[in-house]
1. Considering only Cα-Cα distances, which of the following residue pairs are longer than 32 Å: K72/K405; K199/K307; K105/K395; K134/K254; K55/K373?
2. To the nearest 0.05, how large is the calculated FRET efficiency for E45 and D217 if R₀ is 41 Å and r is the Cβ-Cβ distance?
3. What FRET efficiency comes out for the pair K305/K7, r = Cβ-Cβ distance, R0 = 51 Å, nearest 0.05?
4. Provide, as a two-decimal number, the C-alpha radius of gyration of the chain over 2.2 N^0.38 Å, N being how many residues it has.
5. Is there a quick way to get the dipole size of the chain? I mean about its Cα centre, with the Cβ of Lys and Arg at +1 and of Asp and Glu at -1; what is the value in debye to the nearest 20?
6. Suppose the chain between R148 and Q370 were pulled fully straight at 0.36 nm per residue; how much longer would it get relative to their current alpha carbon spacing?
7. Please work out how much length the chain gains when fully extended from D404 to T103, using 0.36 nm per residue of separation minus the C-alpha to C-alpha distance, in nm with one decimal.
8. Ranking Y25, Y425, Y46 by Cβ neighbours within 10 Å, fewest first, what do you get?
Amino acid sequence: MDFFYDKEKDYEKIELYYVSNTISYGLENNEEEATFFYDSNGKLEYPSSQEEEKKVFTKNDFQRVISEKIRKIVYGEKYSNIVFLAGAGASVTHDLNPKYGKTVKMIANDVFLKLRDEDELYTLQELARQCRYKDGNILDEGEFDTPRLVDGFNLEDFLSTLFHYRSYVPDTDKEKFNNSIKKILQLIKENTNYSYDSKKLNHGKLLNFLSSLSVKDGNKFSVITTNYDVLIEEAAADNNFIIFDGFNFTPRPKFDSNMFEWNLVKEVQNINTREVEYKEKTFNLVKIHGSLTWEKQDDGTILRKDKDSIKDTDKMVMVFPSSDKFAQSYQEPYFELFTKFQDLIKRPNTLLISSGFSFADAHISKMVTQALKNNASLKLLITDFNIDPNREYNKDDKKFMLIDKSDSKYNQNWANLIDLMDEGYPITFLKATMNSDLVDFLSGRYLNDKD
């Protein structure tokens with residue numbers, strides 16, 4: 001992907017804010033802390049005029065031109081199906097406050113520190129040495145007061161290696177090894193157990209926007225999430241939404257994937273037509289990696305319960321981060337949930353919006369790319385805090401550098417999406433996050449801002 005249409009121009013100092021196959025936008029903060037704005041043709045400036053002084057191009061102007069593009073995507077046609085895909089980044093606040101949401105790196109650091117305090121368990125470094133993960137070299141060699149993980153430590157790969165090594169653990173070490181894994185899984189649960197706060201989190205605002213965008217007459221919008229937390233459920237309760245999450249409406253809610261196909265209606269008093277009226281503010285919630293509130297019973301059934309009442313990691317219905325996620329997705333209830341997701345993005349006239357989803361999950365990424373290739377009426381809007389993850393900022397050189405394809409940090413799935421966009425598929429990238437400015441861009445709020 002080249003930012004400028006003029007290949008001789010350099011965009012190493014430009015941070016991308018909007019990318020499409022027709023035009024892109026970005027900005028540069030120079031050493032004097034001045035900000036310059038660009039589109040694919042070059043620097044954005046107002047044309048000089050003989051009658052009035054030349055106007056400086058401002059941040060508000062920048063937000064407006066991007067908002068105009070987003071508005072054409074969101075309102076440019078009448079979608080019959082709205083799907084919102086929320087990843088881990090959707091639960092994170094702009095200031096990375098751990099009270100409301102944590103990145104995978106923050107969770108890994110917490111696991112690292114907590115295991116060091118448990119004398120009866122192995123540390124992460126000891127586990128890494130046992131299973132030969134990175135030959136046990138997972139600590140930063142820099143001079144620090146306390147040991148810390150290297151920046152490139154990948155919790156997902158590490159857990160996958162641990163699970164595969166499990167059968168080779170000597171009998172004398174098995175109890176301690178298994179207890180260490182159980183502790184890691186408990187810590188992952190604790191680190192994803194957030195509570196909703198409407199003053200800090202915008203989930204409620206998002207649900208109301210999606211509801212206003214959705215076509216009526218029973219076409220529920222759908223939220224797909226890989227997150228275990230219940231922020232969406234709590235935001236829905238605060239805003240009087242009814243959720244269809246695959247569980248029946250009984251005192252002990254039991255998983256039944258057929259529930260997604262139902263809706264809430266009431267009869268309208270009209271003898272001739274027997275009309276019905278659909279309940280507004282309803283949506284599908286498809287938690288494809290499970291939930292803090294789901295528990296598998298001894299007979300195999302899955303119940304939705306209070307999140308704090310589920311203690312046994314063996315009964316948790318959660319796809320923990322590991323490369324075994326693909327295999328796990330063919331188990332109940334994940335197979336039914338993934339099938340529902342696939343069905344939704346195959347439907348005609350669909351708008352798929354993602355937020356905080358890195359597309360590092362190869363299984364989900366493949367579903368999305370296949371849907372794009374086979375569903376000509378599917379449009380994809382990808383939003384994240386960084387829409388150019390295969391470049392990283394070098395503070396010394398003060399410019400963005402490309403990450404080598406051989407580097408573990410390189411996101412091949414994201415690169416594939418860029419390639420599809422360049423080939424003409426309807427994919428757009430927007431730098432925005434759930435808990436900062438995403439709803440503002442989607443709703444067109446910046447179109448009315450004045451300097």
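1. Values: K72/K405 34 Å; K199/K307 23 Å; K105/K395 21 Å; K134/K254 42 Å; K55/K373 44 Å.
Where the Cα-Cα span goes over 32 Å, the pairs concerned are K72/K405; K134/K254; K55/K373.
2. On the way: r = 47 Å, r/R0 = 1.15.
About 0.30, to the nearest 0.05.
3. Values: r = 58 Å, r/R0 = 1.14.
Working from the Cβ atoms, E equals 0.30.
4. Numbers: Rg = 24.0 Å, N = 451, 2.2 N^0.38 = 22.4 Å.
Computed over Cα atoms of the chain, the ratio equals 1.07.
5. Values: 61 positive and 76 negative charges, 311 e Å.
Once rounded to the nearest 20, the dipole reads 1500 debye.
6. Values: separation 222, 0.36 × 222 = 79.92 nm, distance 3.99 nm.
Roughly 75.9 nm would be gained on extension.
7. Numbers: separation 301, 0.36 × 301 = 108.36 nm, distance 2.33 nm.
Between D404 and T103, full extension yields 106.0 nm more.
8. Starting with the residue having the fewest Cβ neighbours, the order is Y46, Y425, Y25.
Only the coordinates and a few stated rules stand behind these numbers; no lab work does. Just so we're clear, the structure is a prediction, and the values are computed from it rather than from any experiment. No Cβ is skipped: glycine too gets one built from the backbone with ideal geometry, and neighbour counts run over all protein chains shown.
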